[in-house]
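The values are calculated or read from the model by the stated rules, or taken from the named source; none is laboratory data. Everything numeric in this text was worked out from a predicted model, so none of it was measured. Methodologically, a virtual Cβ is constructed for each residue, glycine included, from the backbone with ideal geometry; neighbour enumeration extends over all protein chains shown.
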Amino acid sequence: MSPLEYTPIDEIPKIFTELKRGFGSGKTESIQYRKEQLLQLGYLVKDNLDRFRKALYADLHRPPIETDLFDLSIVIQDVKNAYNNIDKWTRTERAPFHFNWFAMKPSIRKEPKGVVLIIAPYNYPIFLLFGPLIGAIAAGNGAVLKPSEMTPETSALIAELLPQYLDPELYRVINGGIPETTKILELPWNHILYTGNGRVAKIVLQAAAKHLTPVSTELGGKCPVIIDENCDLKTSARRIMASKVANSGQTCVAPDYVLVPRHFQDQLVEAFKETLDKFYPNTDPVRSDSYARIVSPQHTQRIKRLIDETRGEVVVGGQADVEQRYIAPTIVKNVPEDDSLMSEEIFGPVLPIVPVGDIDEAIAFVNERDHPLALYLFSKDEKVKAKVLENTQSGGVAVNDCVMHVGAYGTPFGGIGPSGSGYHTGKFSFDMFTHLRVTIDSPSWLDKILSGRFPPYTEKKFKTLSKLLYPSLPPRPGTKRSNSAWIVWAVAALAVVSGAVLAKPALRERLGL
């Protein structure tokens, strides 16, 4: 595989123009064309599974099973889902029946937005690039993919393979760093999806605002874990720790910190220690092929600094090798709420434990901070589950597990507030890149019924229109239901019958209309 080559900056506007021309050709209007491109994307991944595994091992020391679980298999599953459902997703929908509107046949057409931009991060560079692309293809858009320059082997492989499988008139890769991305953001895209951090998201949003380009964001944040002492402790520890060490903690929905009752903290720590001993038996994780690396020395140094500056007690791990991009699985207990480890999203294999008095204090702690992309609760108590769900906000929630909600079939993935806006995966990616175009077809005979809309306005017209315009509301709070509700139904029925009669040309002729 050739090394990563950045796209020449002066070529970027030309690529955009070529894709605009390709979209303007109308070829994406064909559902069959979209199906072919979807299948080609699926086979791009399937034909090159081992090459992707090797590329991600080179970039992140990622264990192949993690690459298959969290990147490759999800793309192929989403391709099949979109291929099987695209006819249903793209079908024009009739609006729900309403007697004021049925004669105009209001409908909702599903149309592509145009040429879209997908900017993906380094942590899951295949799924977070190709997953949204599936939705863009299914919706009939052209797309430019911007992989992360921080995973050069994977980004180079994507740039090599995409033109071999997908139509280059509509789907292209642009590689590069800050200068190339800056140039990309100068262009008037029809939609942008950015996955990454909030700081860069603000830059993307500011650039998009110049063209009034709609932007969806998936931004992560500090995802809390709330522990109720009435939980399955061993299972909880295993699931939390597995989600924390996967990809060496570089997951936007990884558990970022744990809130646990003070008297239960030591039991939880022991359960975490036992779990890590089972994950990495008879070996240090630094020598394990089941443990990934941090993406760069700079990010490794950032995480090391957070550990060095903590006022909590490091009870497991803490070792770091910046050159080798290694941070040991680390557990820190008795972490103050204003600690270095609580100052930013860790995005690494370090788990701070913050002791609290009870569930209410844990809920208050979460609510005092930005809404997270995910929230995790471990409890057997249904009342505790209900309390946490009803009194917190987050992009998603997993009860008695971590991360797994992201892959739940038929559900959206997205944040709220600072953790992101918009939803994707599956049909929700299709929806994100789809313009819902409302259409009506208004027959001439309606003017007989709605003549009051035309000047000159008279008192008679006003009274007639008012009966159609203003529905009867339910009884005012604190009062009994009116006995005149039947009048509203009678008027509605009369309007429906009248419309049906007038819809028949022969009857209109006999009535002299």
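Quick look at the numbers
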{"item": "Every residue from region 362-376 that is crowded, with 17+ Cβ neighbours inside 10 Å and of a type in the set (A, V, I, L, M)", "result": "Ala362, Ile363, Val366, Leu373, Ala374, Leu375"}
{"item": "Where Leu341 falls short, out of the listed (1) buried (at least 22 other Cβ atoms within 10 Å of the Cβ); (2) closer than 18 Å to Arg239 by Cα", "result": "(2)"}
{"item": "All positions within region 292-316 that are touching a residue at least 40 places away in the same chain (Cβ under 8 Å) and in a loop (DSSP other than H, G, I, E, B)", "result": "Ala292, Arg293, Ile294, Val295, Ser296, Thr310, Gly312"}
{"item": "Which numbered condition Glu509 misses (of (1) out of contact with any Leu (no Cβ under 7 Å at 6 or more places or on another chain); (2) modelled with pLDDT of 85 or more; (3) surrounded by fewer than 16 Cβ atoms within 10 Å (Cβ to Cβ))", "result": "(2)"}
{"item": "Residue, surrounded by the fewest Cβ atoms within 10 Å (Cβ to Cβ), within region 393-405, restricted to residues that are more than 9 Å from Leu375 (Cα to Cα) and either among the polar types (S, T, N, Q) or touching a Gly at 6+ places or on another chain (Cβ under 6 Å) (or both)", "result": "Asn400"}
{"item": "Subset of region 82-107 [farther than 21 Å from Leu436 by Cβ, under 30 Å from the mean Cα position of the chain (by Cα) and in contact (Cβ under 8 Å) with a residue 40 or more places away in the chain]", "result": "Tyr83"}
{"item": "From the options Ile76, Ile119, Ile108, residue that is at pLDDT 95 or above, surrounded by fewer than 21 Cβ atoms within 10 Å (Cβ to Cβ) and under 22 Å from Ala55 (Cα atoms)", "result": "Ile76"}
{"item": "Residue check, Gly396 within 30 Å of Asn85 (Cα to Cα) and in contact (Cβ under 8 Å) with a residue 60 or more places away in the chain", "result": "yes"}
{"item": "Lone unmet requirement of (1) surrounded by 21 or more Cβ atoms within 10 Å (Cβ to Cβ); (2) closer than 20 Å to Leu60 by Cβ for Asp321", "result": "(1)"}
{"item": "Looking only at region 413-440, and only at residues there that are in a loop (DSSP other than H, G, I, E, B) and at pLDDT 95 or above, the one that is farthest from the chain's Cα centre (by Cα)", "result": "Ile440"}
{"item": "Residue in region 63-81 that is within 23 Å of Thr434 (Cβ to Cβ), in contact with a Lys or Arg (Cβ under 8 Å, 6 or more places away or on another chain) and not in a helix (DSSP H, G or I) present", "result": "no"}
{"item": "Checklist (1) within 30 Å of Ser155 (Cβ to Cβ); (2) hydroxyl-bearing (Ser, Thr, Tyr); (3) under 31 Å from the mean Cα position of the chain (by Cα) applied to Ser340, failing item", "result": "(1)"}
{"item": "Given (1) more than 22 Å from Ala328 (Cβ to Cβ); (2) surrounded by fewer than 18 Cβ atoms within 10 Å (Cβ to Cβ); (3) among the aliphatic types (A, V, I, L, M), index of the condition Ala242 fails", "result": "(1)"}
{"item": "Meets criteria (of a type in the set (Val, Ile, Thr), buried (at least 24 other Cβ atoms within 10 Å of the Cβ) and closer than 28 Å to Lys222 by Cβ) for Ile134", "result": "no"}
{"item": "Top-ranked residue of region 257-291 - restricted to ones that are part of a loop (DSSP other than H, G, I, E, B) and of a type in the set (Ser, Thr, Tyr), ranked as surrounded by the most Cβ atoms within 10 Å (Cβ to Cβ)", "result": "Tyr291"}
{"item": "Test result for Thr182, of a type in the set (S, T, N, Q) and touching a Leu at 6+ places or on another chain (Cβ under 9 Å)", "result": "no"}
{"item": "Count of residues meeting criterion [in contact (Cβ under 8 Å) with a residue 60 or more places away in the chain and on the phi < 0 side of the Ramachandran plot] in region 333-343", "result": "4"}
{"item": "Pair list, Cβ under 6 Å, 6 or more apart: region 438-450 residue touching a residue at least 24 places away in the same chain (Cβ under 8 Å) and of a type in the set (Val, Ile, Thr), other residue in a helix (DSSP H, G or I) and surrounded by 13 or more Cβ atoms within 10 Å (Cβ to Cβ)", "result": "Ile440/Met104"}
{"item": "Residues of region 205-226 that turn out to be more than 29 Å from Val350 (Cα to Cα) and hydrophobic (A, V, I, L, M, F, W, C), as a count", "result": "6"}
{"item": "Boolean, Gly452 is in contact with a Leu (Cβ under 8 Å, 6 or more places away or on another chain) and not in a helix (DSSP H, G or I)", "result": "no"}
{"item": "Test result for Ile192, in contact with a helix residue (DSSP H, G or I) (Cβ under 7 Å, 6 or more places away or on another chain) and among the hydrophobic types (A, V, I, L, M, F, W, C)", "result": "yes"}
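Here's the yes/no breakdown for (1) in a loop (DSSP other than H, G, I, E, B); (2) in contact (Cβ under 8 Å) with a residue 24 or more places away in the chain:
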position: Val354; (1), (2): no, yes
position: Phe365; (1), (2): no, yes
position: Tyr376; (1), (2): no, yes
position: Lys380; (1), (2): yes, yes
position: Ala386; (1), (2): no, no
position: His405; (1), (2): no, yes
